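Input: a single structure, listed below in structure tokens.
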Amino acid sequence: METVRNVVDQQLESLNDTDALASAWVETLDKWRSELGKLHWGGRGKGGRGYARQTFQPKDVIVPSLSLEYAGSDEVGSGSRTLLSEQTYGKSTLRLLQGQVYALVGRNGVGKSTLMKRIHAGNIPGFPPHINTMLIPQEVLGDDHRTPLEVLTQDMSKSLTDKVSELENQLEKLNVEDEGEQIELLCEQIAEIEAEVSSSHQKKRAKDALIYFDLDESFHDVPLSEMSGGLRKKVYLASGLFSLESTSLLMMDEPTNMLDIRGIFQLRALIAMAQEKEKIVLIVSHDVDLVNDCCSHVIHFANSNLEYYEGGYYEFLVIKRQREEHRLKEHNALAKQRNALVDTIENLKKNKAGKHGRKKTGGIASRKKKLERHGLMKNKNGHRWTVQNAGTGIREGAINSMDASSRKRLNYAQLLKLPETQILLVPDKAVQFK
């Protein structure tokens, strides 16, 4: 089991090696923790050119231009693998709003669990650092020798201790003579947190959370390594309930795994409580009923991009089908317009000899440029495409949306086929539960 953990840790670490913004993000966080003031991300030195300055929302998560890519391993001869790419049309944006429950769906191995682990580790560049996260893993390995009470209280104590360290770092930067009120306020906050860590009330709350998930006092001092998989899962669900007040984003990876029917009802109640307290909930699950009954939005993870849909899983299937039909109509209309331009170019080539040959040559060149720029007239949301809204002069499905090396030595018939993958995306059949 230790070997499994090491492999997973190495894979997650490789994501830092392929993320061009990872080092800048770490430096920005370190500076923010050691100094008072706002965290500045975006622009020169903090994300680089082309990465706009970002204003963090107090309770929402909006991270534009998200990128996840595994580095290749020379030892096993494997190449790099892209999970999310900021090069996709519209760019991959992580958007999680307060009080909403999201289901993250996609084929197995697409990167759903990796994305959640990455968020929980705080390694997503541009992720709001004030958003506290809690991750309930898909599988709780049986080599954990802690008791349920230790799992709940240690995780909470670590979170509170980190807050104390952060406040103490801010305290050291203050001037005693000029900023006495700020120092007094920080000292009060530190005292409150330390009292909370050592309070017996914490232990009582932890016991109540365990009992809520049918783990009575006879289980409280039993090591997790001696428990069944279902009981270990309930311990971590209880941890989510115990930490709910201080958590902004609750993430659950296959939470129904190894749960009995009563445990599933308790899980649903936990999701309802989180939504009532206006927390953000992100779930990865193959339980269609859970997604339909509890989720307000579905995020489709496919083709290195994140697509958002309102409603449960069945609503997602309907809207997805409608979008695919709409894109097919757009593709047919675009093909018809392009064929007309190609025919015009061919006719001008045949008749360019003669008195007005030079003008016709100019007309051929201008129509070729128009053909390369020609793409969809509407964006993926059905709104009219504009440079201001898109943030780029390149339309979806246009020939010039491809890099120059892909266009080199290809005729127009071949070039016109390549952008189709942007419009008619490969169907993600594995996401449909049978």
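The values are calculated or read from the model by the stated rules, or taken from the named source; none is laboratory data. Every value quoted in this text rests on a predicted model; they were computed, and no experiment measured them. Here Cβ is always computed from backbone atoms with ideal geometry, including for glycine, and neighbour counts include all displayed protein chains. For accessibility, only protein heavy atoms count, side chains too; no ligands or nucleic acids. Shrake-Rupley method; radii C 1.70, N 1.55, O 1.52, S 1.80 Å.
Can you pull out every residue in the stretch 263-287 that is over 21 Å from the mean Cα position of the chain (by Cα) and of a type outside the set (Gly, Ala, Ser)? Within the stretch 263-287, ILE264, PHE265, GLN266, LEU267, ARG268, LEU270, MET273, GLU276, LYS277 qualify.
Would you please name the residue that is farthest from the chain's Cα centre (by Cα), looking only at residues in the stretch 328-338 that are of a type outside the set (Gly, Ala, Ser) and open to solvent by less than 40 Å² (accessible area, probe 1.4 Å)? Before the answer, list the steps.
At the first step, the residues of the stretch 328-338 found to be of a type outside the set (Gly, Ala, Ser) are 328-332, 334, 336-338.
Adding the requirement that they be open to solvent by less than 40 Å² (accessible area, probe 1.4 Å) leaves 330-331, 334, 338.
Details: GLU330: 28, HIS331: 29, LEU334: 32, ARG338: 36 Å.
By that ranking, first place goes to ARG338.
For every residue, the table says whether it meets (1) hydroxyl-bearing (Ser, Thr, Tyr); (2) part of a strand (DSSP E or B); (3) over 21 Å from GLN275 (Cβ atoms).
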position: ARG95; (1), (2), (3): no, yes, no
position: TYR102; (1), (2), (3): yes, yes, no
position: GLY109; (1), (2), (3): no, no, yes
position: SER113; (1), (2), (3): yes, no, yes
position: MET116; (1), (2), (3): no, no, no
position: ILE119; (1), (2), (3): no, no, no
position: GLY122; (1), (2), (3): no, no, yes
position: PRO125; (1), (2), (3): no, no, yes
position: PRO128; (1), (2), (3): no, no, no
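Per-residue answers, yes or no, for (1) surrounded by fewer than 20 Cβ atoms within 10 Å (Cβ to Cβ); (2) at pLDDT below 90:
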site	(1), (2)
LEU68	no, yes
THR82	yes, yes
LEU97	yes, no
LEU104	no, no
MET134	no, no
GLN138	yes, yes
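Evaluated against (1) closer than 20 Å to SER65 by Cβ; (2) open to solvent by 60 Å² or more (accessible area, probe 1.4 Å); (3) modelled with pLDDT under 75, THR88 falls short on exactly one condition, (2). Here MET258 clears all of (1) within 21 Å of the chain's Cα centre (by Cα); (2) at positive phi except the condition numbered (1). With the condition kept exactly as written, say whether any residue in the stretch 302-320 is modelled with pLDDT of 95 or more, open to solvent by 20 Å² or more (accessible area, probe 1.4 Å) and of a type outside the set (Ser, Thr, Tyr). No, because not a single residue in the stretch 302-320 is modelled with pLDDT of 95 or more, open to solvent by 20 Å² or more (accessible area, probe 1.4 Å) and of a type outside the set (Ser, Thr, Tyr). Give me the pairs, please: first residue somewhere in the stretch 289-300 and under 15 Å from GLY106 (Cα atoms) and touching a residue at least 12 places away in the same chain (Cβ under 8 Å), second residue anywhere and among the polar types (S, T, N, Q) and open to solvent by 10 Å² or more (accessible area, probe 1.4 Å), beta-carbon distance under 8 Å, and either six or more positions apart or on two chains. Here the result reads HIS297/GLN100, each pair linking the stretch 289-300 to a residue that is among the polar types (S, T, N, Q) and open to solvent by 10 Å² or more (accessible area, probe 1.4 Å). Assuming SER225 fulfils every condition listed in (1) in contact with an Asp or Glu (Cβ under 9 Å, 6 or more places away or on another chain); (2) modelled with pLDDT of 90 or more; (3) loosely packed, with under 14 Cβ neighbours inside 10 Å apart from one, which condition is it? Only one criterion is unmet by SER225, namely (2). For the stretch 38-48, the count of residues that are at pLDDT 65 or above, surrounded by fewer than 21 Cβ atoms within 10 Å (Cβ to Cβ), of a type outside the set (D, E, K, R) and out of contact with any Lys or Arg (no Cβ under 8 Å at 6 or more places or on another chain) is at least one.
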